[in-house]
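Q: Okay, here's the structure, questions in a sec.
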Amino acid sequence: MNLGLDIFTVSAVSAGAFFFLAGTVGLLRFPDSLTRLHALTKVDNLGLGLVVLGLLPQANGLFGALKLVSIWLLVQMSGAIVTQLIAGAVRQRGPHG
Amino acid sequence: MTILSVFDIGLVVLILGIGASTIAAREAFPAVIGYVVYGLLLAIAWVRLSAVDVALTEAAIGGGMTGMLLLGAVARLRFAEGNDVRTSLPTRLAAGVMCALIAAGLAIAILSPPDPIPTLAPMVMEHLAQSGLGNPVAGVLFVYRALDTLLEKVVLILALLGVWSLAPDSVWGGIPGLRVYARPGGTLTFLAQLLPPVGIVVAFYMCWVGAKEPGGAFQGGTVLAAMWLLVMIAGLKRIPSISQSWLRLLLVVGPVIFLAIGLAGMVLANAFLDYPAGYAKPLIVAVEVALTLSIGVALGMLASGPPERVRQP
């Protein structure tokens, strides 16, 4: 049982790390601000989501698990909203304003 | 080599790299962004050193609050006149030499410590139970070095007075010049409606849990200040003029309660800032709650800047 949970943790966190890597590559390689933002939000949603999902079985009881999930929700919310704000600024003033 | 030491080495390399790029940045804006990232990386380094209290403070104050203050300064400089004048070479050389000297002094102090390294940590842990606190950092801050903590809060108010003094006489007592991005139904409005309830709970949780575990008034106050700034920037609440009496009352309530309890200690306990036996923890928690409010208001007003508009009647 424990071994199964550990395997689940390792594979989910690794998958999350892969999304972080992909998002970073996207951030560095994509041509303009909007596509770079698109790469970043994938990291927030999927990368961190998978890391949190993988860490849930290792969490310190129900409250630990709830804290992890709420961190994910908060990061997702702030990520999505900050992305909207930056994208709005880019549209208003152009990519170099 | 374990995976943790690989992580640590990577972290140190990143911190040094970000530090160097912050210094090397030619423009103010990238330098500030570098500084914020530097603060966040330092916070992770403090976690690795098991100093979670310091990590929280570094992330909140070093990365977040100072970053916001510096960004505000950059935005102001952009519209200021005469900032395209380059500093002369001797001035830059002198600044560089001074900084290098300070860095070298710190390095010598840290790299050649006396042996054995003097520490009061065992004494703190031995007597911590008497205060009813579980977090040794809170014990040091509020029991053993309470005077330092009190003066630290007073310094914060002095800093705010310094910022307010930048206002011209005609707008003294007016409204700080924080830029407001009010757009009804906009994304920022949504965030400013959704986040503060969560943030306020987190702020007071940090303040409350500070007695037993990492956390405390400064971290909680910073979160509170961030929530207040968010609501003001989104235009959901008016920025108060600095002559409002509730604002000034909130600014001083923390230090005043701290001072009052300290003075009462001269009568009820044995010394200034001493707590009567058995009442240490409730008194400290009361001081922490009041300080959280004062720090939140002080940091919020610091980030709002000096008054720029006359108070509307």
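Q: Positive end of the dipole of segment B:22-91, charges at C-beta (+1 Lys, Arg; -1 Asp, Glu), about the Cα centre: which of B:51, B:77, B:65 has its Cα farthest in that direction?
A: My answer, from the dipole projection, is B:77.
Q: Let me ask you something else. Could you work out [θ]222 nm for the protein assembly as shown from helices alone, using -39500 (n - 2.57) per DSSP H run of at least four and dividing by all its residues? Round to the nearest 500 deg cm²/dmol. Walk me through the numbers on the way to the answer.
A: Values: 16 runs with 288 residues, N = 410.
Helices in the protein assembly as shown give a 222 nm mean residue ellipticity of -24000 deg cm²/dmol.
Q: A follow-up question, please. Any chance you could give the angle, 0 to 90 degrees and rounded to 10, that helix A:2-29 forms with the longest Cα principal axis of chain A?
A: 10 degrees
Q: Another one. Tell me, what are the semi-axes, in whole angstrom and largest first, of the equivalent ellipsoid of segment B:1-81 as set by the roots of 5 times the Cα gyration tensor eigenvalues? Write down the numbers at each step before the final one.
A: Working: eigenvalues 159, 48, 5 Å².
They are 28, 16, 5 Å, listed from largest to smallest.
Q: Determine how many Å³ per residue the convex hull of the Cα atoms of the protein assembly as shown encloses.
A: Working: hull volume 86.3 nm³, N = 410.
Expressed per residue, the convex hull around the Cα atoms of the protein assembly as shown is 211 Å³.
Q: A further question on this structure: Taking the number of other C-beta atoms within 10 Å as the exposure measure, put B:144, B:35, B:205 in order starting with the fewest. Could the numbers behind the result be given before it?
A: Working: B:144 17, B:35 20, B:205 13.
Ascending Cβ contact count within 10 Å gives the list B:205, B:144, B:35.
Q: Let me ask something additional. Of the candidates B:88, B:241, B:294, which one comes out as most mobile in a Gaussian network treatment of chain B with C-alpha springs shorter than 10 Å?
A: Result for chain B, Cα springs under 10 Å: B:88 fluctuates most.
Q: Just the projected area, averaged over all directions, of the convex hull on the alpha carbon atoms of chain B: how many nm²?
A: Numbers: hull surface 85.2 nm².
Projected over every direction and averaged, the Cα hull of chain B covers 21.3 nm².
Q: Name the residue, out of B:139, B:235, B:220, whose mean-square fluctuation peaks in a Gaussian network model built on chain B with Cα pairs under 10 Å.
A: B:235
Q: Compute the convex hull volume of the Cα atoms of chain A, divide it by the residue count, and report the result per residue in Å³ as a whole number.
A: Working: hull volume 6.9 nm³, N = 97.
Cα-based convex hull of chain A, divided per residue, equals 72 Å³.
Q: If you build a Gaussian network model of chain B, linking Cα atoms that sit under 10 Å apart, which residue out of B:148, B:115, B:274 swings the most?
A: Result for chain B, Cα springs under 10 Å: B:115 fluctuates most.
Q: I need the peptides A:73-86, B:46-59 ranked by packing, meaning the mean over residues of other C-beta atoms within 10 angstrom, with the highest value on top.
A: B:46-59, A:73-86
Q: Sticking with this structure for a sec: Treat every Asp and Glu Cβ in segment B:78-218 as -1 and every Lys and Arg Cβ as +1, leave all other atoms uncharged, and give the resulting dipole magnitude about the Cα centre to the nearest 20 debye. All intermediate terms of the calculation are to be shown ahead of the outcome.
A: Working: 8 positive and 8 negative charges, 89 e Å.
In total the dipole reaches around 420 debye.
Where a number appears in this text, it was derived from the coordinates with a stated rule and is not lab data. In this text, all values refer to a predicted model and were calculated from it rather than measured experimentally. For neighbour counting, all protein chains shown are included, and Cβ atoms are generated from backbone atoms with ideal geometry for every residue, glycine included.
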